[in-house]
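Heads up: the structure comes next, in structure tokens.
The values are calculated or read from the model by the stated rules, or taken from the named source; none is laboratory data. Model, not experiment: these values are computed from the prediction. Because the Cβ atoms are built from the backbone with ideal geometry, glycine has one as well, and the counts that use them run over all protein chains shown.
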Amino acid sequence: MGERLLAMVTAADAHDPCSLSGTPHFMLRALERRGFEVDCLGPVDPLSHKAGLIVNAASKRVAGKRFAAKHSLALSRGYARVFGRRLDERPYDAVIAPFASTEIARLKTRLPIVYLSDLTFDLALDFYPAFSGLLRRSRRQGEEIERSAVQRASLLVYPTCWAARSALERYGAQPGKVHVIPFGANIEDPPAREEVLPRLPGEAPRLLFVGVDWERKGGPIALQALRELRRSGLRAELTVLGCSPPGLEEEEGVRVIPFLDKKDPRQLAEFRRLYREHDFLLLPTRKEAYGIVFCEAAAFGLPVVSTEAGGVPELVRQGDNGYLLPPTASGAEYARVIEELFGDAGLYASLCEKSRVLFEERLNWDAWGERMACLLEELMSR
């Protein structure tokens, strides 16, 4: 059997390891390692997207409501024209469409489509700020696009059962089409086991917070946890990576790193050093569909303290690679958990070991690629 030729249909740039947190890029590389040839038909940015952004700005100003520019029927038709032409250029065997409901909802092709996402439009509504306070018309269009994408796809692949259930129950996906395969850590060269284990905690807990959205990721609660730990006599430290909230740099025990570019070797080395040198990933996230950051933490054997939210409980296993608190938990409750874990050397070492095992067995892109390759070969042989 010759090499299979796949068309990756997404408006994002799948060659860019920073686009959409790099997930399409790592999917592309995983499939290539399994012997597939993958053509990236993006990036694409039709005029209809720019028009949607104008509508959104006007709607917020006039009606105080949002218009989801990336989930409009006009944009879907624009994508269909562009990708339809590009699909005619080579004899592809299948389409793989990561985070691309709008791109495939109106796409006319006889090729089998594999749609991948970490949530559905229904789950996104009022879950993320960009999907809150939408115009009724925008909600209708988003729902129609998601339903069409689900119905058109030959395979639907989600990283959590939480997302898969929505496709089945809300959008009527055929059960035989739906599969759950966890995503991996978005790290080009994951560390070897001997680089990260055994982990030796320092004199006081060193906490790592990673996120662009300080509020949604629970930053204020993480800060409160730090203050409680320091108040108890522990000289705990908190490193904030990915955002720069006002006034945080003056806070005692806090270090702020607004951004690290993984494409820059020096900054990538700093990124890896942060995961190696901290004792916990602290992320009291308010809303989370998946969280690649948890996979990255597992790669470094870094235990997680986070929240029972969205798909997180399927990544962070209670007592294995970390602990989850209810969404109502305060910073003081997070501090108590961290202090207890940090004070028990045996338990801490076990968390680190189990975290790394979880990465090696499930939360890596080779494991994802192996299972995806089986699904694709079965699909294309039918």
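Okay, here's what the table says:
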item: Residue match in the range 42-58 (condition: assigned to a strand (DSSP E or B), in the same structural domain as residue 372 (by TED's automatic domain parsing) and crowded, with 17+ Cβ neighbours inside 10 Å); result: no
item: Selection from the range 230-277 of residues that are among the aliphatic types (A, V, I, L, M) and more than 26 Å from the chain's Cα centre (by Cα); result: 234, 236
item: Residues of the range 114-123 classified as without any contact (Cβ under 8 Å) to a residue 60 or more places away in the chain and either buried (at least 22 other Cβ atoms within 10 Å of the Cβ) or hydrophobic (A, V, I, L, M, F, W, C) (or both), total; result: 4
item: Subset of the range 348-377 (residues that are of a type in the set (A, V, I, L, M, F, W, C), surrounded by fewer than 20 Cβ atoms within 10 Å (Cβ to Cβ) and not in a helix (DSSP H, G or I)); result: none
item: Test: residue in the range 279-296 that is over 20 Å from the mean Cα position of the chain (by Cα), under 30 Å from residue 37 (Cα atoms) and surrounded by fewer than 23 Cβ atoms within 10 Å (Cβ to Cβ); result: no
item: Subset tally (residues that are surrounded by fewer than 22 Cβ atoms within 10 Å (Cβ to Cβ), of a type in the set (A, V, I, L, M, F, W, C) and either in contact with a strand residue (DSSP E or B) (Cβ under 6 Å, 6 or more places away or on another chain) or modelled with pLDDT under 95 (or both)) for the range 88-108; result: 1
item: So residue 314, is it among the acidic types (Asp, Glu) and in contact with a Pro (Cβ under 9 Å, 6 or more places away or on another chain); result: yes
item: Wholly enclosed strands (runs of 3 or more DSSP E) of the range 143-250 bearing at least 3 residues more than 26 Å from residue 353 (Cα to Cα) and either of a type in the set (Phe, Trp, Tyr) or without any contact (Cβ under 8 Å) to a residue 40 or more places away in the chain (or both); result: none
item: Residue tally, condition surrounded by 19 or more Cβ atoms within 10 Å (Cβ to Cβ), over 27 Å from residue 92 (Cα atoms) and within 21 Å of the chain's Cα centre (by Cα), over the range 129-156; result: 2
item: Where residue 204 falls short, out of the listed (1) under 17 Å from residue 304 (Cα atoms); (2) under 21 Å from the mean Cα position of the chain (by Cα); result: (2)
item: Test: residue in the range 41-63 that is in contact (Cβ under 8 Å) with a residue 12 or more places away in the chain and closer than 27 Å to residue 370 by Cβ; result: yes
item: Where a residue in the range 69-88 is over 30 Å from residue 133 (Cα atoms) and its partner, wherever it lies, is surrounded by fewer than 16 Cβ atoms within 10 Å (Cβ to Cβ), with Cβ under 8 Å and at least six apart; result: 84/108
item: Residue selected from the range 214-229 under the condition closer than 20 Å to residue 308 by Cβ and hydrophobic (A, V, I, L, M, F, W, C), by the criterion farthest from the chain's Cα centre (by Cα); result: 225
item: Residue under evaluation residue 301, criteria (1) in a helix (DSSP H, G or I); (2) over 25 Å from residue 99 (Cβ atoms); (3) among the small types (Gly, Ala, Ser), criterion not met; result: (1)
item: Odd one out for residue 213, checked against (1) more than 30 Å from residue 65 (Cα to Cα); (2) in contact with a Gly (Cβ under 9 Å, 6 or more places away or on another chain); (3) not assigned by TED's automatic domain parsing to the domain that holds residue 94; result: (1)
item: Of residues in the range 221-243 being more than 14 Å from residue 330 (Cβ to Cβ) and aliphatic (A, V, I, L, M), the one surrounded by the fewest Cβ atoms within 10 Å (Cβ to Cβ); result: 234
item: The lone exception for residue 126 - which of (1) surrounded by fewer than 18 Cβ atoms within 10 Å (Cβ to Cβ); (2) assigned to a helix (DSSP H, G or I) it fails; result: (2)
item: Qualifying residue in the range 124-133 (condition: within 23 Å of residue 9 (Cα to Cα) and of a type outside the set (A, V, I, L, M, F, W, C)); result: no
item: Set 339, 308, 251, 270: member being surrounded by fewer than 22 Cβ atoms within 10 Å (Cβ to Cβ) and at pLDDT below 95; result: 251
